[in-house]
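Down below is the structure, laid out as structure tokens.
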Amino acid sequence: MSASAHPLLDIIGNTPLLPLRRIAPALPPGVLLLGKAEHLNPSGSLKDRPARALILEAAASGRWRPGMALLDATSGNAGIAYAMVGAALGIPVTLCLPAGATPARRQMLSAFGARVLETPAEAGSEGARAEAARLAREEPWRWCLLDQYGADANWKAHRDGTGAEIWDQTRGTVTHLVAGVGTSGTLVGASRLLKGRKPSVRVTAVIPDRPDHGLPGLRHLPSVRAPAIWDPRAADAVAEVATVAGRTMATRLAQAEGLLVGPSTGAVVHAAVRLARGLHPGSVVVAVLADSGDRYLA
């Protein structure tokens, strides 16, 4: 099975790089702030990239065989991407999802035909991961565990896709990358590509400022187990952002730039603006716009 197994897979990636001018009109002269519009992927988030890569890798390696279902834990976006790709390829998808996910996310999963196994809300993503691992361990003939938190195919999808596209779209002029940390695949993969080609590129990892936050998809690294693919060397700095700041910036992006994005993307752009205000002329800051805001609407 290859990326050409279904035409839908061919339109994942190659997202535009958009100038963000109106949300930060007072940047120093010669400083450019850009948004990598990952929310324009087919299912509405950057998770389309690793979902495609993980599923194709599982099929190519023989870990997935006809008759098996794909399985993973998700807080929402990865599950939607898995469900979309699985539907396109005719592969059943089951997802361990913490209770409390937004109705819009659950409705999107259902629309794509995915089966949802709800795990306790208080256990968070760790509880969902534990349940997925248990199922795969007890019935390995039934489940193909994709493991977005531990699979190298995750960060490699962003190295070869997101990172390479940013390099090409900026013609190598990028000086700073700002991205959120969930599974960490986006930041680790893009950082390795950009730093490999231009070691002076500075990378900022955006995380919530407290464990009990409202920034879906982001992880408060000081209080939770780091994903297996996380590499602290990929980031030069860590920016902690409050939930209210992320939500406020998401609203500003919708109303000032016409970009309907989620609160975690708002947090990333908030950190990027804060960074850009202190930079010198010639700086090119790229903020990753992770997902669409449609799944957060009541």
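The values are calculated or read from the model by the stated rules, or taken from the named source; none is laboratory data. Just so you know, these numbers come straight off a predicted model, no measurement behind them. Positions of Cβ are backbone-derived with ideal geometry, glycine not excepted, and every protein chain shown enters the neighbour counts.
Yes/no per residue for (1) without any contact (Cβ under 8 Å) to a residue 24 or more places away in the chain; (2) out of contact with any strand residue (DSSP E or B) (no Cβ under 8 Å at 6 or more places or on another chain); (3) of a type in the set (A, V, I, L, M):
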| site | (1), (2), (3) |
| --- | --- |
| Arg219 | no, no, no |
| Arg225 | no, yes, no |
| Trp230 | no, yes, no |
| Ala239 | no, no, yes |
| Ala267 | no, no, yes |
| Ala272 | no, no, yes |
| Arg277 | no, yes, no |
| Asp291 | no, no, no |
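Picking from Leu46, Leu70, Leu33, which residue would you name as being crowded, with 20+ Cβ neighbours inside 10 Å, in contact with a Lys or Arg (Cβ under 9 Å, 6 or more places away or on another chain) and within 25 Å of Arg129 (Cβ to Cβ)?
When all the criteria are applied, what remains is Leu46.
Taking the condition closer than 18 Å to Pro208 by Cα and without any contact (Cβ under 8 Å) to a residue 40 or more places away in the chain, does Gly262 pass?
no
When you go through Ser292, Ser283 one by one, which is the residue that is among the small types (Gly, Ala, Ser), closer than 19 Å to Asn77 by Cβ, surrounded by 15 or more Cβ atoms within 10 Å (Cβ to Cβ) and at pLDDT 95 or above?
After applying the criteria, what remains is Ser292.
Please work out which residue is nearest to Ser75 (Cα to Cα), limiting yourself to the stretch 101-123 and to residues that are surrounded by 14 or more Cβ atoms within 10 Å (Cβ to Cβ) and at pLDDT below 90.
Ala101
Answer yes or no: is there a residue in the stretch 90-105 that is farther than 26 Å from His213 by Cβ, touching a Ser or Thr at 6+ places or on another chain (Cβ under 7 Å) and not aliphatic (A, V, I, L, M).
No: zero hits.
Do we find a residue being within 20 Å of the chain's Cα centre (by Cα) and without any contact (Cβ under 8 Å) to a residue 60 or more places away in the chain anywhere in the stretch 130-147?
The answer is no, given that none of the residues of the stretch 130-147 is within 20 Å of the chain's Cα centre (by Cα) and without any contact (Cβ under 8 Å) to a residue 60 or more places away in the chain.
Do the conditions hold for Leu135, that is, is it within 23 Å of Gly67 (Cα to Cα) and not in a helix (DSSP H, G or I)?
no
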